[in-house]
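Encoded as structure tokens, the structure appears first; notes follow it.
The numbers here are math on the coordinates, done by the rules we state, and not lab data. Please read all numbers here as calculations on a predicted model, not as lab measurements. Every residue, glycine as well, gets a Cβ built from its backbone with ideal geometry; the counts of neighbours run over all protein chains shown.
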Amino acid sequence: NLRNLGNGHGRESALQLFVQAKKRINDIFKDIGDYVTEVDTFVKGVVAKGKGGEEEIISPQNAEVVEGFKAKIDGIREVLSRDHMKVVFFGRTSNGKSTVINAMLREKILPSGIGHTTNCFIQVEGSDNEEASLLTEDSNQPKNIQSVKQLASALSSAKLKENALIRILWPKSKCRLLREDIIFLDSPGIDVSPDLDSWIDKHCLDADVFVLVANAESTLMQTEKNFFHKVSARLSKPNIFVLQNRWDVSEMEEDIDKVKQQHIDYNTQFLADQLQVVDRREAKDRVFFVSAREALVSRLHNDTGIPTPDRVLMPGFQARIFEFANFENKFEVCISKSAVKTKFEQHTDRGKSITCELRAAMEQVYTTSNELQEKQHQVQQERAHELDFLVKQLDLLTREVKEKIKVMVEDVERKVASALND
Ligand code: GTP
Ligand code: MG
């Protein structure tokens, strides 16, 4: 059924790279943690035994270092449990950012509509709860949300600053991408806010991928380009995808192939020549011509088993739905690779240095105890030597005394015999 193509079912997910790596690194840190606890117990035992003695096998500083590793490992495991892949969506207002996210999540989670709809940052993240809830920055008490309508009115009634963040905790059971640890961040149109720098500092520094949702009916705007120039200045080689959205509308126009080529040329120039985040060849895999509206409706119908009515899909929709799925494939490979590197590389380095320092501390214990053993051995040998000498002296002395007595006895015998004779 072509209407339901590109629905993301039945393929091995590239995101598993991140999910599995996170599990592996967590297991490794659990092992390091167990090892540190074992070493700490051992060290404490050695310190307790050595108290009051003259010889010190482990210095108090080294014992403290070992104990400190326990807290460090717990800290890393805590950060690790919160590590995830993060994708941020940007673009001018009404280009379809919220619709793209809904299509990827296969559910109408975010409010979308004509006009300026999203008026602050909205983050969608997975939750183990079966109920959806909402978290605002001013409280850590989640509020229940029953529907998109309710969410939309909650968002519009609250007086929110443009760079405020609202977190939607959505049941992981309902969505594969959330289950696989992706966090989606929707933003207000970049044309509505003048304060892009504070946006970047507050919301983008930990992003793994940026998706620019552009309107295919026009060329990339200067505000859109400026934003990515600013991002590029703060992050080295950010991963950027460009979605030429609303392609269902544009494709009806004349000379569409020419328009498409023009978009490809401009976007390649922007990504490869101006931003220099990819080379010209790779740039092809970063630009997609899609219709988020069609992707969303066809997926919603597909999931409820109702065929998508003809009138909601424009002619040629198959290619656009394919292209949307193609974007998702490339996006998933990119985000999982990038997140594994940026998120786990620093933990790996930390883990390596902790095990090295631990090893050095243990080596110090080993060398000191060897030196002490050697010293004791030497003292014992010296004592044995002295005893040996003493025995020999005694032996000599005994033999001398015996000889003297013999001579004396013989002398006495002789004297007695001569006296008797006389
Ligand atoms: P703001 O939150 O206001 O910045 O807008 P946004 O970028 O989130 O856009 P949103 O997803 O709210 O979409 C705006 C309008 O465009 C909605 O009515 C969507 O249904 C519609 N729309 C989104 N994507 C497409 C598309 O690919 N084709 C068509 N024809 N309409 C679309
Ligand atoms: Mg929006």
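Quick notes
- Protection proxy ranking of 221-228, 287-294 - average other beta-carbon atoms within 10 Å, highest first: 287-294, 221-228
- With the simple model of a label 7 Å out from the Cα in the direction of the Cβ, Thr304 to Lys30 spans 4.2 nm.
- Kirkwood hydrodynamic radius over Cα pairs of the range 250-392, then Stokes diffusion coefficient at 4 °C and 1.567 mPa s, in µm²/s: 58
- Whole-Å semi-axes of the range 361-422's equivalent ellipsoid (Cα gyration tensor): 60, 4, 4
- Full extension of the chain between Ala419 and Glu67 yields a length gain of 117.4 nm, computed as 0.36 nm times the residue separation minus the alpha carbon distance.
- Dipole magnitude for the chain: about 1300 debye, using +1 per Lys or Arg Cβ and -1 per Asp or Glu Cβ, origin at the Cα centre.
- Nonlocal amide H pairs with Lys86, under 5 Å, H built at 1.01 Å: Ile183, Asp208, Val209
- Entry note: the chain has Rg to Rh equal to 1.45, where both radii use alpha-carbon atoms and Rh is the Kirkwood radius.
- Residues in the range 67-83 carry Karplus couplings, in order, of 5, x, 4, 4, 5, 5, 5, 4, x, 5, 5, 5, 4, 4, 5, 9, 5 Hz; the curve used is 6.51 cos²θ - 1.76 cosθ + 1.60 with θ = phi - 60°, and Gly or Pro positions show x.
- Remark: the range 288-296, residue by residue, has Karplus-estimated 3J(HN,Hα) of 9, 9, 9, 10, 5, 4, 5, 4, 5 Hz, where x stands for each Gly or Pro and the curve is 6.51 cos²θ - 1.76 cosθ + 1.60 at θ = phi - 60°.
- Here the sum of -39500 (n - 2.57) over DSSP H runs of 4 or more residues, divided by the residues of the chain, equals -19500 deg cm²/dmol at 222 nm, to the nearest 500.
- Convex hull of the range 197-246 built on C-alpha atoms - directionally averaged projected area, nm²: 3.5
- Couplings for the range 414-422, taken from phi via the Karplus curve 6.51 cos²θ - 1.76 cosθ + 1.60 with θ = phi - 60°, read 4, 4, 4, 4, 5, 5, 5, 4, 4 Hz in order; Gly and Pro are left as x.
- This model, with +1 at the C-beta of Lys and Arg and -1 at the C-beta of Asp and Glu, gives the range 71-131 a dipole about its Cα centre of some 420 debye.
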